[in-house]
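Scroll down for the structure; my scribbles are underneath it.
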Amino acid sequence: MLTTLLLLALVGQQAEPTPPPAKEKKVCRTEQATGSRLGARRICKTRAEWDEIAADARKDVDNAAARLNAASGR
C-alpha cells in the first residue's frame, strides 16, 4: 500500500519535457591570408565563439604589453 502511494506521488511529480535548445545562429567572416590576395577563407562560428576568440586576442595583447613594460623597466 505504501509503495503504491509513493509511486503515485512520483508519477504526479514528473517534470514536463523541456524543448530542445535553439540552435545558435552562425556568423561568417572572411579572413585574408597575410601576404596573399588569393588566400581568403570563409570561417563560420557562433557569436559566443567569436566573442571568445576576441577575448583571447585581447588577453594575448595585454600579456605582451605587460612583458614589454616589465622588460623596459616601466
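What residues qualify as long-range amide H neighbours of V27, i.e. H under 5 Å apart, gap of 5 or more or another chain, H built at 1.01 Å from N?
K45, T46, R47
So how much slack lies between N69 and E52, counting 0.36 nm per residue of separation and subtracting their Cα-Cα distance, in nm? Walk me through the numbers on the way to the answer.
Values: separation 17, 0.36 × 17 = 6.12 nm, distance 2.57 nm.
That works out to 3.6 nm of additional length.
Throughout, read-outs are computed from the coordinates displayed, never taken from laboratory work. On a predicted model such as this, the values are computed, not experimentally measured, just so you know.
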